[in-house]
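Undergrad: Okay, handing you the structure first.
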Amino acid sequence: MAIAVQPIGVGIDFGTTNSVAATFDGERVHLASLETLAGPDPIMPSATYIDRDLHTLTGREAIDRYIADNTGRKVELTAEVIGKATLAVGYGGEESRDPGATLTQNVYGDATTDVGLEGRLFRGVKRLLGRKDVRRLVVFDHPFSPVALVTPILLHIRKTLVAAGVPGAGNKLAAATIGHPVNFEGRDRFRNQLGLARLGEAYRYAGVGKAHFCPEPIGAAMSYLHANPGASGERLLTVDFGGGTLDFCVLQRGAAHRFDVIATHGVGLGGDHIDQRLFRELLFPLLGKGERWRRRGQAGEIDTLFPFDSYEELLVNWPVTYLLNQNRYTTAVQDCIERGGPARFKFRRLRELIQQNYGYLVFQAIKDFKAELSSRDEAVLDIGEIDVEVRLSRREFEGLIGDLLRQVEEAVDETLRRAALPFDAIDVVLRTGGSSLIPAVHRILDERFPGRVVNHDPFTSVAAGLAVAEFHDMRDGVGHDD
């Protein structure tokens, strides 16, 4: 007699910054413990580390390995041999076929190879999936497609789910509902088709049999509808403001958990952009931006602005900040310290940040600082490792990101325009994603939809809703036969 297997819905939210996976058995949602280094944690950083032997680490372990490998390490770039050139250095005479003595030399390209690099860390690879111009990234002389960089994270998620007892075929998952942004990043008009194709390929390599796709804001809405079966209102607007994207959907509720999708919209704005803005505005002036650099030249003293602009992009992208620990960068910093004066304290901070590879630590402090401003009118950005203490009010914070908040307003208005609905036609506004907790974002929504804005599981709602959608075989509001 065959024993019936209880169906399980699996939902996977592979995010730009973090990833979450959930299961649903028809009654309860269970979050998978994707991280275990500091105790069970359902939220895993979307990070991949590849060492010189092409072994991979993912999540928190990948970040820890990157930090350990690059703390205090002096970076030296060497030139690669890109070809050979043969030069005639002798002459055999006009009647001779002998060209004479020749000299063959290696031809070198620019100095771009970091010979001491133990491994590469990749974050935010999801942003590359929709970009047609990004076909391969060379990692230790081996070409990796964006799919290959994403697959280890998804493989870890699949292994965690299988180890937790999720049924499948062997070590594979039979099926899962996969979240994706409304719009992938990229300029090509086929970016969404390319992004979905690459994402599907990565899931197949990771051992997921059938990958059913669902826009992330719809997943969040499914989670809310499941958790609040008695909630009133026919039309629901979801605002999913995560680390990499700002996504929307408008749903019309129907019978038996069904719904119609009226409109979706998405823009490339996320919490990571806000974090970088805070780094630039609050920390750059404390690290030497705007200071003078006086040094001795052949014709006398040279007095110019310190070339901080050549440091900026590497500072605000912490996975590559270690590249600043080269003589071409650190020599100028050390010279400014040795010259003395009040600015030397700023350059000491910059030197410590570079040499000790504090980029990740700084961004974690910024995230905590931003979260504190969501619950208090004033907060202090305290980074003892580089002797920084900055006090900021919520009003000042909102002033620093004013243009980004206007993008949020415009995106909300555009979503309602696409839905061909007035603001008062929306019954419930669901805000989710970590950046939705910013009070100014709540205020933008509350001004347009007074009394109708609710907060719902900002970090796990998408994965939970995707699992519910998989269980009920609903990705866009209607049943499927596949």
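The values are calculated or read from the model by the stated rules, or taken from the named source; none is laboratory data. Everything quoted here is computed from the prediction, not taken from an experiment. Using ideal geometry, Cβ is built from the backbone for each residue, glycine included, and neighbour counts are taken over all protein chains shown. Protein only, heavy atoms only, side chains kept; ligands, DNA and RNA dropped before computing areas. Shrake-Rupley method; radii C 1.70, N 1.55, O 1.52, S 1.80 Å.
Undergrad: Among the residues of the range 139-187, write down those that are surrounded by fewer than 18 Cβ atoms within 10 Å (Cβ to Cβ) and within 25 Å of Phe241 (Cβ to Cβ).
TA: If the condition is that a residue be surrounded by fewer than 18 Cβ atoms within 10 Å (Cβ to Cβ) and within 25 Å of Phe241 (Cβ to Cβ), then Arg187 is the only one that fits.
Undergrad: Condition check: farther than 27 Å from Pro45 by Cβ, open to solvent by 70 Å² or more (accessible area, probe 1.4 Å) and in contact with a strand residue (DSSP E or B) (Cβ under 7 Å, 6 or more places away or on another chain). Does Glu338 satisfy that?
TA: Against the criterion (farther than 27 Å from Pro45 by Cβ, open to solvent by 70 Å² or more (accessible area, probe 1.4 Å) and in contact with a strand residue (DSSP E or B) (Cβ under 7 Å, 6 or more places away or on another chain)), Glu338 does not qualify.
Undergrad: So is Ala365 under 30 Å from Asp64 (Cα atoms) and either open to solvent by less than 60 Å² (accessible area, probe 1.4 Å) or among the β-branched types (Val, Ile, Thr) (or both) or not?
TA: Working: under 30 Å from Asp64 (Cα atoms): yes; either open to solvent by less than 60 Å² (accessible area, probe 1.4 Å) or among the β-branched types (Val, Ile, Thr) (or both): yes.
So Ala365 passes the test.
Undergrad: Additional query: Can you tell me how many residues within the range 273-303 are part of a strand (DSSP E or B), without any contact (Cβ under 8 Å) to a residue 24 or more places away in the chain and open to solvent by 50 Å² or more (accessible area, probe 1.4 Å)?
TA: Count: 4.
Undergrad: Given the conditions (1) charged (D, E, K, R); (2) open to solvent by less than 50 Å² (accessible area, probe 1.4 Å); (3) not in a helix (DSSP H, G or I), and given that Arg198 satisfies all but one, which numbered condition is not satisfied?
TA: Only one criterion in (1) charged (D, E, K, R); (2) open to solvent by less than 50 Å² (accessible area, probe 1.4 Å); (3) not in a helix (DSSP H, G or I) is unmet by Arg198, namely (3).
Undergrad: Those residues that are touching a helix residue (DSSP H, G or I) at 6+ places or on another chain (Cβ under 6 Å), open to solvent by 10 Å² or more (accessible area, probe 1.4 Å) and assigned to a helix (DSSP H, G or I), I need them from the range 368-384; list them, please. Working first, answer last.
TA: To start, the set of residues in the range 368-384 that are touching a helix residue (DSSP H, G or I) at 6+ places or on another chain (Cβ under 6 Å) comprises 373-374, 377, 379, 381, 383.
So of that shortlist, the ones also open to solvent by 10 Å² or more (accessible area, probe 1.4 Å) come out as 374, 377.
If the condition is that a residue be touching a helix residue (DSSP H, G or I) at 6+ places or on another chain (Cβ under 6 Å), open to solvent by 10 Å² or more (accessible area, probe 1.4 Å) and assigned to a helix (DSSP H, G or I), then Ser374 is the only one that fits.
Undergrad: Do the conditions hold for Gly270, that is, is it farther than 30 Å from Gln334 by Cβ and either in contact with a strand residue (DSSP E or B) (Cβ under 9 Å, 6 or more places away or on another chain) or surrounded by 22 or more Cβ atoms within 10 Å (Cβ to Cβ) (or both)?
TA: The answer is yes for Gly270.
Undergrad: Somewhere in the range 243-258, is a residue under 17 Å from Gly124 (Cα atoms), open to solvent by 20 Å² or more (accessible area, probe 1.4 Å), within 22 Å of the chain's Cα centre (by Cα) and not polar (S, T, N, Q)?
TA: Yes: one or more hits.
Undergrad: Residues of the range 339-378 being of a type outside the set (Lys, Arg), without any contact (Cβ under 8 Å) to a residue 12 or more places away in the chain and farther than 17 Å from Arg277 by Cβ, which ones?
TA: Scanning the range 339-378 gives Gly340, Gly341, Pro342, Ser375.
Undergrad: Return the residues of the range 311-327 that are polar (S, T, N, Q), surrounded by 14 or more Cβ atoms within 10 Å (Cβ to Cβ) and in a helix (DSSP H, G or I); say none if nothing qualifies.
TA: As a first pass, look at the range 311-327 and keep what is polar (S, T, N, Q): 317, 321, 325-327.
Among the residues that remain, those that are also surrounded by 14 or more Cβ atoms within 10 Å (Cβ to Cβ) are: 317, 321, 325-326.
Thr321 - this is the single residue of the range 311-327 that is polar (S, T, N, Q), surrounded by 14 or more Cβ atoms within 10 Å (Cβ to Cβ) and in a helix (DSSP H, G or I).
Undergrad: Now, a different point. Output the residue which, of all residues in the range 385-441 that are assigned to a helix (DSSP H, G or I) and of a type in the set (Val, Ile, Thr), is surrounded by the fewest Cβ atoms within 10 Å (Cβ to Cβ). If you could, list the steps in order and put the result at the bottom.
TA: Going through the range 385-441, the residues assigned to a helix (DSSP H, G or I) turn out to be 385-386, 394-400, 402-419, 423-425, 434-437, 439-441.
Within this subset, residues satisfying the condition of being of a type in the set (Val, Ile, Thr) are 386, 408, 412, 415, 441.
Working: Ile386: 19, Val408: 22, Val412: 23, Thr415: 26, Val441: 23.
Restricting to residues being assigned to a helix (DSSP H, G or I) and of a type in the set (Val, Ile, Thr), the top hit is Ile386.
Undergrad: Further, regarding this structure: Exactly one condition in (1) open to solvent by less than 20 Å² (accessible area, probe 1.4 Å); (2) closer than 30 Å to Leu225 by Cβ; (3) modelled with pLDDT of 95 or more is false for Phe308; which is it?
TA: Result: Phe308 passes all but (2).
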